[in-house]
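The values are calculated or read from the model by the stated rules, or taken from the named source; none is laboratory data. From a predicted model like this one, the values you see are computed outputs, not experimental measurements. Using ideal geometry, Cβ is built from the backbone for each residue, glycine included, and neighbour counts are taken over all protein chains shown. The accessibility values were calculated without ligands, DNA or RNA, using every heavy atom of the protein model including side chains. Shrake-Rupley method; radii C 1.70, N 1.55, O 1.52, S 1.80 Å.
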Amino acid sequence: MEFDVVIIGAGAAGLYALYRVRGLGLSAKVFEKGDGVGGTWYWNRYPGARCDVESWDYCYTFSEELELEWEWTERFPTQPELERYFNHVADRFDLRRDIEFDTRVDRARFDDDQNRWLISTSNGQTVSARFLISAAGCLSEVNTPRIEGAENFEGRQIHTARWPQGGIDLTGLQVGVIGTGSTGVQAIPQLAKQAEHLFVFQRTPQFGIPAQNRPLDDETLEELKHNYRERWEFKRASSTGMGRHPAEVPAALEVDEATRTQAFEASWARGGPGFARAFSDVMTNAQSNQIASQFVMDKIRGKVTDPAVADSLAAIDHPLGARRVIVEIDYFETYNRPNVTLVDVAADPITEITPQGLRTTAGSYDLDMIVYATGFDGMTGALLAMDIQGVGGLPLRDKWADGAGAYLGLVTSEFPNFFMITGPGSPAVYSNVIFSIEQHVDWITDCLAHMADHDLDRIDADPDAEAEWTRQVHEIAAQSIIGKTDSWWTGSNIEGKRQGITFYLGGTNTYREICDEIAANGYEGFVFSESTSPARA
Ligand code: FAD
Ligand code: NAP
């Protein structure tokens, strides 16, 4: 089978890429390893899973009709609502007919002579395509740490991103959760309500800002519909792709303590991921950051009745925002329940999993079930899980052995006609991701149109332009508080992975301007070849 374009993944990125590619009149096929659409929101069915970008921002903007007809029910929508949304999009734009579900892309090899990609899938087929687009996701490759003895555990073990459709009945069960990142923090309050007893194995305490979630009433929905165009303008102007008025705020160090506390309280009461934006310098000035961090740690302590538990939760050793700030609902209060035990595995590390449960250096815990809220091999995991080979059979794994780099995060040299949506070097996860996805897909499909108009067959990145872009990405990251501690953001959660931030922190607005300018200047830094091959589909 031959296609103009093959797209890997049917999450937010794959669906929109298919829609736009079709709009160019090109033939396309999407391969999706799951049996439904939605990607993140298909796989992450753990209790409590929800978005922490507001619903009115975390949605497509490409279709006015879609935006006006869809009605969100909450400020921060749940996984079931988001999954419904992506199913609605797939049906509304008739996307399913070009998606092959339950089909994993295992290998993609660039055939230099034919100027085509040969794509092999888990069901034994090989198809060819002029262009290959990865929409495989920044957070889709699951990370389950290898803990000695895990294979002998007699109970059930499950990663949160593999929670089954239909859920799991936890009634009467002793449940252990490993991990207190965004996922663990969302899941723990819900698991605690269902399990007989919940043991939380925490290695690193985390900052948590209350979501202050709320249902959306008719008046709010009306206002959202009325203002959607204005919000879109703000999204484009903002550095993270959020549709808020950019507030004019002073630096924390410019105001007195009472004013500061008042502003932090107001930001706390508003809730959500914007807490640090109470002042302009929280993410750039260590002293301001320390003040904000202390405010949050004091709030955490105030929520937990047992002082020793409060200490374990609030003794945070990294600056606010160095890791992804977590948005929580009833997380800290959950530790006041009699059926919840916090186990500090920084002090007493996990040593092994036994047939009956889990052992740390300090004790043993009998468990019926172990939940791994242990995250993902972010940014590059899904790409490198496939065997992608560029010119001369160069494996992507080899090319990126010393660190991932791609020009604008879109194209990596020696892998012609291969585009990545939210790839390493783009703002990706440091943004309202769905808005970044739209920008990437628009740029890629505009580029495909440009190539068709100019009879160009092949696009690659100039290695020098790519190296310079990667240098800039690292330089900007080095100046920021973001990433100034270990986490999946730096790749430190994966053994042997090269560490460092691989996403562009210069702002989504600046990034968009750069991408647009490069395209307007004849795609500076990209190398095109004119059409010579007869191999067009
Ligand atoms: P995904 O949604 O990950 O989709 C990728 C798809 O590709 C998956 O369906 C996967 O099965 C498929 N795939 C991967 N490899 C292959 C292969 N080899 N063959 C075939 N198919 C393959 N972002 C925000 O901006 N705000 C949030 O609040 C937010 N919350 C999140 C909550 C969770 C629990 C997680 C895990 C992530 C969250 N994110 C959030 C990030 C989220 O991943 C993005 O917002 C967005 O959903 C990514 O869409 P995507 O299509 O790029 O990738
Ligand atoms: P994560 O942030 O990487 O957290 C993984 C957790 O597992 C950490 O607490 C980690 O501890 C722990 N862990 C891993 N291996 C361990 C081991 N061997 N022993 C003990 N603890 C171990 O993963 P995540 O929570 O799934 O979140 C990943 C990203 O997905 C988020 O940052 C966010 O981008 C996205 N997400 C968003 C939301 C949302 O609110 N919208 C919800 C879920 C996920 P250490 O910290 O000590 O390593």
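Reported count of residues in the range 512-530, each being under 21 Å from TRP400 (Cβ atoms) and in contact with a helix residue (DSSP H, G or I) (Cβ under 8 Å, 6 or more places away or on another chain), is 2.
Taking first residues from the range 16-43 that are over 11 Å from ASP98 (Cα atoms) and partners that are assigned to a loop (DSSP other than H, G, I, E, B) and among the charged types (D, E, K, R), the Cβ contacts under 6 Å between residues at least 6 apart in sequence or on separate chains come to LYS33/ARG104; ASP35/ASP102.
When the range 58-88 is filtered for residues that are touching a Cys at 6+ places or on another chain (Cβ under 9 Å), open to solvent by less than 10 Å² (accessible area, probe 1.4 Å) and more than 14 Å from ligand 2 (Cβ to nearest atom), the ones remaining, listed by number, are LEU66, TYR85.
Here is a yes/no grid of residues against (1) over 22 Å from the mean Cα position of the chain (by Cα); (2) open to solvent by 70 Å² or more (accessible area, probe 1.4 Å):
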{"site": "ASN213", "(1), (2)": "no, no"}
{"site": "GLU222", "(1), (2)": "yes, yes"}
{"site": "LYS235", "(1), (2)": "no, no"}
{"site": "ARG260", "(1), (2)": "yes, no"}
{"site": "GLY271", "(1), (2)": "no, no"}
{"site": "ASP281", "(1), (2)": "yes, no"}
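Residues in the range 425-439: is at least one more than 12 Å from ligand 1 (Cβ to nearest atom) and part of a strand (DSSP E or B)? So far as the range 425-439 goes, no, none of its residues is more than 12 Å from ligand 1 (Cβ to nearest atom) and part of a strand (DSSP E or B).
Which of the strands (runs of 3 or more DSSP E) contained wholly in the range 314-400 include at least 3 residues that are in contact (Cβ under 8 Å) with a residue 60 or more places away in the chain? Can you show your working first?
Details: elements: 326-328, 340-344, 350-353, 357-360, 364-366, 369-372, 387-389.
Hits in the range 314-400: 326-328, 340-344, 350-353, 357-360, 369-372, 387-389.
Go through the range 321-354 and report how many residues are basic (Lys, Arg) and crowded, with 20+ Cβ neighbours inside 10 Å.
Step one: list which residues in the range 321-354 are basic (Lys, Arg), which gives 323-324, 337.
Still in the running and crowded, with 20+ Cβ neighbours inside 10 Å: 323.
Number of matching residues: 1.
Checked against (1) outside any loop (DSSP other than H, G, I, E, B); (2) modelled with pLDDT of 95 or more; (3) surrounded by 15 or more Cβ atoms within 10 Å (Cβ to Cβ), SER55 passes all but condition (1).
Out of TYR407, TYR430, one residue alone is under 22 Å from ARG324 (Cα atoms), hydroxyl-bearing (Ser, Thr, Tyr) and in contact (Cβ under 8 Å) with a residue 60 or more places away in the chain. It is TYR430.
Restricting to the range 379-411, and then to whatever is of a type in the set (Val, Ile, Thr) and more than 14 Å from ALA136 (Cβ to Cβ), can you tell me which residue is least open to solvent (accessible area, probe 1.4 Å)?
Within the range 379-411, the first condition is being of a type in the set (Val, Ile, Thr), and the residues that meet it are 380, 388, 391, 411.
Narrowing the set further to residues that are more than 14 Å from ALA136 (Cβ to Cβ) leaves 391, 411.
Numbers: VAL391: 42, VAL411: 1 Å².
Out of the qualifying residues, it is VAL411.
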